[in-house]
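The values are calculated or read from the model by the stated rules, or taken from the named source; none is laboratory data. For clarity, every value in this text was computed on a predicted model and none was experimentally measured. Please note: Cβ atoms are built from the backbone with ideal geometry, for glycine as well, and neighbour counts cover all protein chains shown. For accessibility, only protein heavy atoms count, side chains too; no ligands or nucleic acids. Shrake-Rupley method; radii C 1.70, N 1.55, O 1.52, S 1.80 Å.
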Amino acid sequence: MEFTSRLITFRISHYCEKVRWALDRISFPYVEECHLPLLHRLKTTPLGGSSVPVLVTKAEILKDSADILKHLETVAPPHLKLYPDLPVLRQEVQALEAEFNLKLGVLTRQWGYFYALQNQSVMKELWCEGVPTWEKLLFPIMFPLTCRLIHSSYNVHRDSASAAYRQIQRIFERVSDRLSDGRRYLVGDCFSAADLAFASLSAPSVVPPQYGGCFPELNQLPDEMVEQIQILRETIAGKYALRLYEEERCPV
Ligand SMILES: N[C@@H](CCC(=O)N[C@@H](CS)C(=O)NCC(=O)O)C(=O)O
């Protein structure tokens, strides 16, 4: 039987979306295996990992989104590569990708969870999409446990959410400044891993309609959160993330 690569995910996760986008872009064959948070460890731990995404190919087990993008670069056709050949541009792309991974993705998650976790029925839709039936059945037990863990391990509360939002705004300002000379992409003149990382990791804060995982509709979210999303959507960086989704995110 032919081997098909497996992508282990939370359907909602923007780090998983980053990888899903890179895979879809080069039509890399894979099956996505979605899990509830906490229960994902039953899959990732035996593979030597912890967090999602994890990509299992015939030859390798890749446990970090940046490593997965690097791996895909070795199999991508030349016109779809995400890292420029020129070393100076390549380094710039890698530095931006690392910054978005370490800061932007963490902040948008902390801010987004503060609001989203307040609504159990919305979270049920988001977390349960695509997971095995037995995991879905455990949702009522897993939800309070997972909420407690997310609040403590990601430091999610009102003050930290407000602080995270201000930091997201600072990152958006820096990206807007970079784009203010009219350039179409963050580095060079092609879509790169920097653009893909910015768009996917900012996605919880601008909610692009083409998001490849699952997001709630704006009318399912608290008004305060929607107001903050609208403010970010109106910035140059926000419009840019939405444009990248419209132009570059191929259908799943
Ligand atoms: N550095 C990782 C970060 C991924 C990450 O933070 N994943 C979160 C979901 S958004 C996760 O799996 N959390 C649960 C865990 O760490 O067990 C990457 O870029 O792949």
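Data for the structure
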item: Isotropically averaged projected area of segment 5-80, using the convex hull of Cα atoms (one quarter of hull area), nm²; result: 4.6
item: The chain: C-alpha pair distances exceeding 30 Å, %; result: 25
item: Sequence of 149, 89, 82 from largest to smallest accessible area, 1.4 Å probe; result: 149, 89, 82
item: Computed [θ] at 222 nm, deg cm²/dmol, the chain (DSSP H ≥ 4; -39,500 (n - 2.57); rounded to nearest 500); result: -17000 deg cm²/dmol
item: Reference-scaled alpha-carbon Rg (2.2 N^0.38 Å with N residues) for segment 72-148; result: 1.65
item: Solvent exposure, largest accessible area first (probe 1.4 Å, DNA, RNA and ligands not counted), of 64, 159; result: 159, 64
item: Virtual paramagnetic centre 7 Å along Cα→Cβ of residue 159, amide N under 18 Å, in segment 83-115; result: 110-111, 114-115
item: In order through segment 221-228: 3J(HN,Hα) via Karplus (6.51 cos²θ - 1.76 cosθ + 1.60), integer Hz, x for Gly, Pro; result: 9, x, 3, 4, 5, 4, 4, 5
item: Kirkwood Rh in Å, taken over segment 137-252 so that all alpha-carbon pairs contribute; result: 15.8
item: Inter-centroid distance (Cα atoms) of segment 219-244 relative to segment 102-147, Å; result: 21
item: Chain lengthening between residue 5 and residue 86 when straightened (0.36 nm per residue, less Cα-Cα); result: 26.1 nm
item: Cα convex hull of segment 116-163 - mean projected area over all directions, nm²; result: 3.6
item: Accessible area of segment 5-80 divided out per residue, in Å², using a probe of 1.4 angstrom; result: 40
item: Mean Cα-pair separation over length for the chain, i.e. relative contact order, pairs under 8 Å, 6 or more apart, %; result: 25
item: Beta bridge orientation in the chain: antiparallel %, DSSP, nearest 5; result: 50
